[in-house]
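What follows is one structure encoded as structure tokens, with my remarks underneath.
The values are calculated or read from the model by the stated rules, or taken from the named source; none is laboratory data. Since the structure is predicted, the reported quantities are computational estimates derived from the model, not experimental observations. Note that each Cβ is placed from the backbone with ideal geometry, even for glycine, and that neighbours are counted across all protein chains shown. Surface areas here come from the heavy atoms of the whole protein model, side chains and all, with no ligands, DNA or RNA. Shrake-Rupley method; radii C 1.70, N 1.55, O 1.52, S 1.80 Å.
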Amino acid sequence: IGLMRSGRLLAEESPQVLLATYGCNSLEEVFLKLSRKQASETELDAANLANNRDEASLHWSHKEDTVNVSEESGVIGLNFHQSKEVLISDSTNGLNQMNGGRPAKEMKSVKSACIDCMHITTPGKMRALLQKNFLRMWRNVGVMLFIFALPVMQVILFCLAIGRDPTDLRIAVVNHELNSTDVPCPIKKGCHLTFLSCRYLSHLPAGTLEQGNCTEEAINSVKDGNAWGVLYFTENFTDALVARMSLGKDSDEETLDQSEVRVWLDMSNQQIGLMVQRDLQKSYRNFIQDLLISCNENPKVADIPIQFKTPIYGSTDPSFTDFVAPGVILTIVFFLAVALTSSALIIERMEGLLDRSWVAGVTPSEILFSHVITQFVVMCGQTALVLIFMIIVFGVECKGDLFSAVILTILQGLCGMCFGFVISAICELERNAIQLALGSVIWPIEGMPCVLRYISLGLPLTMATSALRSILSRGWSIVEPDVYYGYISTLIWIFLFLTISLVVLRFKKDKTA
């Protein structure tokens, strides 16, 4: 065991050796003896310092060129540096008196202020804190492997499961142009104006159609969840469609009604319902254009009078994965950093390491920045893995400067890390920190009311996600406002989170003291 008083180690031995050495029956008596011994040494130190001061003053009064008091005369126990500082201060005082300078107290205060500004911490303290933090991390190999494997797993699952078009969407078909459902639907290429319903169905994605006998049966299959929609063709669909194309504006209501494809959809799932609508409309357009080309007609006749040129940014067939990827990258990096640091100070507080650091004279800023450096190294590794798998392995487009994207991602990870330190400093229990971290919700600003939309722009991830999307998809540089606003917002949040963490740590240190 170690016995410490006023930040000084009095003894360090096994309990039995301490009891035998000091002839006591309990450790409390041993500690009392050592405390009294320390107090007597402190009084002796004070007397020696006073003698040194008097002797130095005597020498200065005789105007000698050098101070003849040796440094060793003030060395008692652990007070060597203190005696040395007093001698230097007294020497400076004598010089000021000889040169007519400012008072010694004023010079000492100026010197102390300069030292405090120049030396925020000492290399020894930071080296010890960093060594402690890295050892605690690397000794737990399982947790470190999970920390580096988790972002990779999230990226893989996102790229494989999100952003792809849904497949195998079953659609029930009621085609009254056919006499029976057992008869295969004849598909004739070229300018053959027969069984056009079958020709249209051939343009739909393969493996999605399910033949039905009647409309009621098909609708029941949708109600039972066996299909996402119903297609209904009248018995005169082909003739009515040919008449509609031939007569044009002279077509009567019956012809128009018989030439339409009637559709009932399950819109309980908005994304799938919209996807089915898109496929049906796109397939009908391809069917009509193919038919007109076969009959040597201009296919533009069947197209809408809107022509879409090459997009300025993006492609004609945009990928939802490319759109969501910037937000996913920053979300993964940000919240993994929050999860990594939100319990760091709590664990140290529960294990007693934080109190030991306070006793050893470590300041809150030193503890905070040692954790920032330690977790920053881990966060850089996570960021590298996320970007490598997202951009290189799965081919998410990056049209802008990759270095700018990397810097913004690292800054977002640092911002999340500082947010985790705020949670760790405020919360006393680890479960409270987890609940507070999970309470941070992300939602697209387009789906918010006007007031909340402006509030959301000030959140850590909103402007940074927009900036990263502009870099990856549009190829913009940092000189664009949408890009550098993301950097500025991230830096402001980092400074704010660090300030809050320092204030909370200082408050709790003073409270415990």
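Using the charge dipole of segment 219-276 (Lys, Arg: +1 at Cβ; Asp, Glu: -1 at Cβ; taken about the Cα centre), state which of Met245, Leu274, Thr255 has its Cα farthest towards the positive end. Farthest towards the positive end: Leu274.
Under a Cβ-Cβ cut-off of 11 Å, what is the net charge of the residues other than Ser251 that fall near it, where Lys and Arg count +1 and Asp and Glu count -1? Its environment carries a net charge of -3. FRET efficiency for the pair Ile293 and Val393, taken as 1/(1 + (r/R0)^6) with r the Cβ-Cβ distance and R0 = 41 Å, rounds to 0.50.
Provide the gained length on full extension for the span Ser35 to Arg139, in nm with one decimal, where the gain is 0.36 nm per separating residue minus the Cα-Cα distance.
Between Ser35 and Arg139, full extension yields an extra 33.7 nm.
Between Asp165 and Ala384, the C-beta separation translates, for a Förster distance of 30 Å, into a calculated FRET efficiency of about 0.45.
Phi angles across segment 250-256 convert, under the Karplus curve 6.51 cos²θ - 1.76 cosθ + 1.60 with θ = phi - 60°, into 3J(HN,Hα) values of 8, 5, 8, 5, 5, 5, 5 Hz, Gly and Pro given as x. Applying the Karplus relation 6.51 cos²θ - 1.76 cosθ + 1.60 with θ = phi - 60° to segment 185-192 yields 3J(HN,Hα) values of 7, x, 10, 10, 7, x, 8, 10 Hz, where x marks Gly and Pro. Between Leu402 and Phe507, the contour length at 0.36 nm per residue exceeds the Cα-Cα span by 33.6 nm.
Of the accessible area of segment 190-289, computed with a 1.4 Å probe over protein heavy atoms only, carbon and sulfur atoms account for 47 percent. Solvent exposure of segment 248-402 amounts to 55 Å² per residue of accessible area, where only protein heavy atoms count and the probe is 1.4 Å. Placing a pseudo-label 7 Å from each Cα along the Cα-to-Cβ vector at Ile478 and Leu157 gives an inter-label distance of 3.4 nm. What is the list of residues in segment 366-400 whose amide nitrogen lies under 20 Å from a point 7 angstrom out from the Cα of Met275, following Cα to Cβ? Taking a point 7 Å out along Cα→Cβ of Met275, the residues of segment 366-400 whose backbone N falls under 20 Å are 396.
Positive contributions from Lys and Arg (+1) and negative ones from Asp and Glu (-1), summed over other residues with Cβ under 12 Å from the Cβ of His371, come out at 0.
Between Leu256 and Phe146, the modelled labels are 6.5 nm apart [label points 7 Å from Cα along Cα→Cβ].
For Leu353 and Thr310, the difference between the fully extended length at 0.36 nm per residue and the C-alpha to C-alpha distance is 9.3 nm.
Between His192 and Lys223, what is the FRET efficiency for a Förster distance of 56 Å, r being their Cβ-Cβ separation, to the nearest 0.05? About 0.95, to the nearest 0.05.
If you take all other residues with their beta carbon under 13 Å from the beta carbon of Phe237, and give Lys and Arg +1 and Asp and Glu -1, the sum is -3.
Taking a ≥ b ≥ c as the square roots of the eigenvalues of the Cα gyration tensor, segment 197-278 is classed as prolate, since a/c reaches at least 1.5 and a/b is larger than b/c. Among 234-244, 450-460, 280-290, the peptide with the highest mean count of other Cβ atoms within 10 Å heads the list, and the full ranking is 234-244, 280-290, 450-460.
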